[in-house]
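Before any comments, here is the structure.
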Amino acid sequence: MNAVITGDIINSRKLSAKEWMPKLKHALNKYGKEPKDWEIYRGDSFQLKTTPETALQATILIKSTIKQFKKIDVRTAIGIGETTYQSDNITESSGSAYINSGTTFENLKKQTLAIKTPWEEFNESLNLMFELASLTMDNWTPTSSLIIKTAIDADQNVNQKELAILLDKKQSNISAGLKRGGYYEIQKLLNYYKKEIQKRC
């Protein structure tokens, strides 16, 4: 089983790609190598192949990376399934993971995050949770986004004191940013997702 994330940058023309592109590439690089595991195409669209367990974490890391810039956001769809053809370029690979990701992405309307797995009931529960989480994530400030991105980048084992040192901020500011961004609730969602995916994959 693989997970494929298809995404694009919302309002990408409102900000020079020189500002956000290096940060997006840095986030994608955490999960694989270009162009086999990830690719940016059409200027502001991307695809990333990762494991089902890390797919949601990768998606939220990408979101917190892009939301550091005021004018832009990101829309992403996770597809879980098989890879039946593996090319040297991810955008030429195929299988149910790619189909699930692509069709879910095309069906995104007002939502900025959705998932399609082989398990219908699981899809329903997760998509409802994602919609609720997006109410917070879509409204992240650049400051909260940076703090959350740094926390996720550190694989969630970092405490507030360490984050304060990493970001050269007061611990009280870190605490407020994490709370405002719903970080602890997002951690619960990540843990639930990982546990349920591991049961199925």
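As a summary of the residue check, I115 satisfies the conditions (1) of a type in the set (V, I, T); (2) in a helix (DSSP H, G or I); (3) touching a Phe, Trp or Tyr at 6+ places or on another chain (Cβ under 9 Å) except for the one numbered (2). Kindly list the number of the only condition in (1) assigned to a loop (DSSP other than H, G, I, E, B); (2) open to solvent by 20 Å² or more (accessible area, probe 1.4 Å) that fails for S87. Every listed condition holds for S87 apart from (2). Considering only region 126-143, I want to know if a residue exists there that is open to solvent by less than 30 Å² (accessible area, probe 1.4 Å), over 22 Å from K194 (Cβ atoms) and either in contact with a Gly (Cβ under 6 Å, 6 or more places away or on another chain) or of a type in the set (A, V, I, L, M) (or both). Within region 126-143, not a single residue is open to solvent by less than 30 Å² (accessible area, probe 1.4 Å), over 22 Å from K194 (Cβ atoms) and either in contact with a Gly (Cβ under 6 Å, 6 or more places away or on another chain) or of a type in the set (A, V, I, L, M) (or both).
To keep it simple, each residue is scored yes or no on (1) farther than 22 Å from I148 by Cα; (2) not charged (D, E, K, R).
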position: D8; (1), (2): no, no
position: K14; (1), (2): yes, no
position: L24; (1), (2): no, yes
position: L28; (1), (2): no, yes
position: L48; (1), (2): no, yes
position: I62; (1), (2): no, yes
position: I66; (1), (2): no, yes
position: F69; (1), (2): no, yes
position: G79; (1), (2): yes, yes
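Residue by residue, here is whether (1) under 22 Å from F122 (Cα atoms); (2) out of contact with any Asp or Glu (no Cβ under 8 Å at 6 or more places or on another chain); (3) open to solvent by 20 Å² or more (accessible area, probe 1.4 Å) holds:
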site: G7; (1), (2), (3): yes, yes, no
site: L15; (1), (2), (3): no, yes, yes
site: K18; (1), (2), (3): no, yes, yes
site: P22; (1), (2), (3): no, yes, yes
site: L28; (1), (2), (3): no, no, no
site: P35; (1), (2), (3): no, no, yes
site: F46; (1), (2), (3): no, no, no
site: Q57; (1), (2), (3): yes, yes, yes
site: I60; (1), (2), (3): yes, yes, no
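Test L132 against the stated conditions and say whether it is aliphatic (A, V, I, L, M), farther than 18 Å from F46 by Cβ and modelled with pLDDT of 95 or more. Yes. Inside region 159-179, residues that are surrounded by 17 or more Cβ atoms within 10 Å (Cβ to Cβ) and under 21 Å from H26 (Cα atoms) make up a count of 1. Counting residues in region 90-103 that are without any contact (Cβ under 8 Å) to a residue 40 or more places away in the chain, part of a loop (DSSP other than H, G, I, E, B) and out of contact with any helix residue (DSSP H, G or I) (no Cβ under 8 Å at 6 or more places or on another chain) gives zero. Restricting K33, K63 to those that are among the basic types (K, R) and farther than 26 Å from N191 by Cβ reduces the list to K33. Of all residue pairs spaced 6 or more apart or on separate chains, those with beta-carbon atoms under 6 Å, a first member in region 31-42 that is under 17 Å from I9 (Cβ atoms) and a second member that is open to solvent by less than 100 Å² (accessible area, probe 1.4 Å) and of a type in the set (G, A, S) are W38/G32.
In the set (1) within 23 Å of F69 (Cβ to Cβ); (2) touching a Lys or Arg at 6+ places or on another chain (Cβ under 9 Å); (3) buried (at least 17 other Cβ atoms within 10 Å of the Cβ), the condition left unmet by D153 is number (3).
When the residues of region 155-201 are filtered to those that are in contact (Cβ under 8 Å) with a residue 40 or more places away in the chain and assigned to a loop (DSSP other than H, G, I, E, B), the one that is farthest from the chain's Cα centre (by Cα) is C201.
Which of the residues belonging to region 1-51 are in a loop (DSSP other than H, G, I, E, B) and either of a type in the set (D, E, K, R) or closer than 27 Å to D155 by Cβ (or both)? Scanning region 1-51 gives M1, K30, Y31, G32, K33, E34, P35, K36, D37, R42, D44, T51.
The values are calculated or read from the model by the stated rules, or taken from the named source; none is laboratory data. This structure is a prediction, so every number in the text was calculated from the model and none was measured. Neighbour counts run over all protein chains shown; Cβ positions are idealised from the backbone, glycine included. The accessibility values were calculated without ligands, DNA or RNA, using every heavy atom of the protein model including side chains. Shrake-Rupley method; radii C 1.70, N 1.55, O 1.52, S 1.80 Å.
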